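Okay, structure first, notes after.
No lab work stands behind these numbers, since they all come straight from the coordinates. No experiment lies behind these values; they were computed from the predicted model shown. Cβ sites come from the backbone with ideal geometry, for glycine too, and all protein chains shown count toward neighbours.
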Amino acid sequence: MIFRNCAGGVVFYANQVFLLKNEKNEWVLPKGKIRNDESSIDAAISRVKIETSLDTEILSTAGETCYEFFSISRKQPVCNQITWYIMITKNKESEINKKLGFKDGGFFPIDEAIRIISYSQDQSLVNLSYKKYKEIMKEKKERVAV
C-alpha cells in the first residue's frame, strides 16, 4: 500500500463553505498531496489556490481524516492521510481548475453543503469546522470591540 500525506482546507466565506465536484461527480473539499519539504500549512494553502483560485488565510487546524482507494494506474491500494485547516477568504470569486478534473464548485450554505458532500467523514469535518469557525469569528469581533 502507498501512504500519502495530504493537506486541505475547509474554506469559509461568511456562512458558506467551498466545495468542489470531482471527476466522479463527488462533492469534496479542496486538498492535495504534500510535496517534498513543503509543510502541511503551505500545501493546504497552495492546493486550495491551485484547485479554486481562492486566496485564503488559515484560522485554525480542523483535524485529520484518512481514506483508502485502489489506484488503477499504480495497480495497488493508496491511503491518503489528510490534515485539514479552517480557512477564510475575503473574496468569493473563484475559478475551478478543470484541468485537474473538477467539474463544478463554489460556496454553499452549511446545511446544503453537509447534505450534498459525498463522504460522511467530510460532512462531520465541515459541521465541526463551522462551529469552530463561528467561535473564532465571534472572538475576533469581541477583541475588535474592546
Problem set entry | Computed FRET value (nearest 0.05) for residue 99 with residue 68, which takes r as the C-beta separation and R₀ as 22 Å | 0.25
Problem set entry | Relative contact order computed over the chain (Cα-Cα under 8 Å; 6+ residues apart), in percent | 31 percent
For this session: Run down the aspartates and glutamates and flag those whose C-alpha is under 16 Å from the C-alpha of residue 140, throwing out any fewer than 8 positions away in its chain.
Result: 57
Exercise. Sequence-distant or interchain residues sharing an amide H contact under 5 Å with residue 61, placed H: which?
Worked result: 86
Exercise. Ordered by packing density, taken as the mean number of other Cβ atoms within 10 Å over each peptide's residues, highest first, how do 71-82, 45-56, 112-123 rank?
Worked result: 45-56, 112-123, 71-82
Problem set entry | DSSP bridge pairs, the chain: antiparallel proportion in percent, nearest 5 | 70 percent
For this session: State which entries of 49/134; 33/132; 98/138; 103/132; 92/132; 99/138 exceed 31 angstrom in Cα-Cα distance in the structure shown.
Result: 98/138; 99/138
Problem set entry | Within the chain, helix-based [θ] at 222 nm, where runs of 4 or more DSSP H residues each add -39,500 (n - 2.57), nearest 500 | -10500 deg cm²/dmol
